[in-house]
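The values are calculated or read from the model by the stated rules, or taken from the named source; none is laboratory data. Fair warning: this is a prediction, and the values are worked out from it, not measured in the lab. Virtual Cβ from ideal backbone geometry, glycine too; neighbours counted across all protein chains shown. Accessible surface is based on the protein model in full, side chains and every heavy atom, while ligands, DNA and RNA are left aside. Shrake-Rupley method; radii C 1.70, N 1.55, O 1.52, S 1.80 Å.
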Amino acid sequence: GKWLDLFYQYGARVHIVYLEVPYRQLLAQNRNREYVVPEKVLEQMLWKLDVPDVSEAFSVQYRV
């Protein structure tokens, strides 16, 4: 929100591309990281996830 507000003050056209992988792929990628994030932490983060709404930008693309 903070950045979007700044961009709009300058008259920018904001284009958001939201990227997401399937949950199983997310877990597999996490297991293959050098520093694994505990699954419980990932679940907590997912509950707090704020997916962009089409009203938040000039355009919003969803890539899942």
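Would you confirm whether any residue within the range 47-63 is assigned to a strand (DSSP E or B), among the basic types (Lys, Arg) and in contact (Cβ under 8 Å) with a residue 24 or more places away in the chain?
Yes: one or more hits.
Counting just the residues of the range 1-31 that are among the aromatic types (Phe, Trp, Tyr) and either in contact with a strand residue (DSSP E or B) (Cβ under 8 Å, 6 or more places away or on another chain) or over 19 Å from LEU46 (Cβ atoms) (or both), which one comes out least open to solvent (accessible area, probe 1.4 Å)?
It comes out as TYR18.
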